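These notes concern the structure reproduced below.
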Amino acid sequence: MIEPPEEVTPERPERSDGRTPLVELDDVSKYYGNIRALEGVSLEVHPGEITCVLGDNGAGKSTLIKIVAGLHQHDGGVLRVEGEPTVLGSPREALDRGIATVYQDLAVVALMPVWRNFFLGSEPTRGRGPFRRLDVGFMRETTRNQLLRMGIDLRDVDQPIGTLSGGERQCVAIARAVYFGAKVLVLDEPTAALGVKQSGVVLKYVAAGRDAGLGVVLITHNPHHAYLVGNRFVLLKRGAMAGSHTKDEIALDELTRQMAGGSELEELSHELQRAPVPDHLGGRPAHGG
């Protein structure tokens, strides 16, 4: 007797390189009523790589962050964490799955010491019952050592974190995420409010996170910063994909052109060249009158 063939469950095809992304968005969409915040967005985050998400204000970057961080749930497409289709129900669930998000405002307590901010919400204790207390010595030493591992020599971890520069505070947040076991680090515009020198400091530690084996998602509107450290580039425009490239597929000039608007910018340039200059700005009437 011939056995009937076993039912085969369709599986997602394996990648040619055999790697499973830490996080993958596959044709993900998000709507708020009739408003399209994201539609058909796809990206991959691999260990030891930086995926840069670029876009202007209103491009959908914030919505993408909220989906990956577990703040909002997607309405369409698939979010996979280490190959498993997932709907993240909360930021705590995202953290438990190894996804840490560092927001632009950092959510630090400015007057608290650096070590206290490093362990904020996860403070280790010693003793039991009425003798239980914070293990301050362990937190100080661990904070100092973890910052040193990232190349930050901060001798006085008792100083208020508010006395650090913006770049240094970003670096503390990155070191904290690495220490608490993050596999994926999502950085929301970490260089947006920084000068050139401090931006360079932050990008150095973003690269250190990558070199430590993390998969990094760098949200930015600056293609120059992205190109310095990025391995993959996803461009968003009005909630939709405007491009997806690996570093060996695109040059900085072309990435900048696409980020700035590409053909739309060229069309605007032509229109401005043709437009007459008003009389009060020193121009001549359009018809020579």
Listing of helices (runs of 4 or more DSSP H) fully contained in region 172-279 that carry 2 or more residues being at pLDDT below 90: 196-211, 252-260, 263-274
Is at least one residue of region 84-105 farther than 22 Å from residue 188 by Cα and in contact (Cβ under 8 Å) with a residue 12 or more places away in the chain? no
Considering 218, 214, 187, 235, which residue is within 19 Å of residue 117 (Cβ to Cβ), open to solvent by less than 20 Å² (accessible area, probe 1.4 Å) and in contact with a strand residue (DSSP E or B) (Cβ under 6 Å, 6 or more places away or on another chain)? 187
Looking only at residues that are out of contact with any Lys or Arg (no Cβ under 6 Å at 6 or more places or on another chain) and of a type in the set (A, V, I, L, M) in region 146-160, which one is nearest to residue 211 (Cα to Cα)? 150
Would you mention how many residues in region 115-145 are surrounded by 15 or more Cβ atoms within 10 Å (Cβ to Cβ), over 24 Å from the mean Cα position of the chain (by Cα) and of a type in the set (Ser, Thr, Tyr)? 1
Residues in region 190-202 that are of a type outside the set (Val, Ile, Thr) and buried (at least 24 other Cβ atoms within 10 Å of the Cβ): how many? 1
Small (Gly, Ala, Ser), touching a helix residue (DSSP H, G or I) at 6+ places or on another chain (Cβ under 8 Å) and either touching a residue at least 12 places away in the same chain (Cβ under 8 Å) or not in a helix (DSSP H, G or I) (or both), is that true of residue 59? no
In the set 67, 174, which member is in contact with a His (Cβ under 7 Å, 6 or more places away or on another chain) and touching a residue at least 12 places away in the same chain (Cβ under 8 Å)? 67
Test for residue 230: is it in contact (Cβ under 8 Å) with a residue 60 or more places away in the chain and on the phi > 0 side of the Ramachandran plot: no
Can you pull out the residues in region 43-59 that are touching an Asp or Glu at 6+ places or on another chain (Cβ under 8 Å), open to solvent by less than 40 Å² (accessible area, probe 1.4 Å) and not β-branched (Val, Ile, Thr)? 43, 48
Might you check whether a residue that is free of Cβ contacts under 8 Å to residues at least 60 places away in the same chain, surrounded by fewer than 21 Cβ atoms within 10 Å (Cβ to Cβ) and of a type in the set (Gly, Ala, Ser) occurs anywhere in region 146-162? yes
If we scan region 28-42, do we find a residue that is open to solvent by less than 60 Å² (accessible area, probe 1.4 Å), part of a loop (DSSP other than H, G, I, E, B), more than 23 Å from residue 230 (Cβ to Cβ) and of a type outside the set (Lys, Arg)? no
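The values are calculated or read from the model by the stated rules, or taken from the named source; none is laboratory data. This is a predicted model, so every value here is computed, not measured. We place every Cβ from the backbone using ideal geometry, glycine too, and count neighbours over all the protein chains shown. Keep in mind that these areas ignore ligands, DNA and RNA; they rest on the heavy atoms of the full protein, side chains included. Shrake-Rupley method; radii C 1.70, N 1.55, O 1.52, S 1.80 Å.
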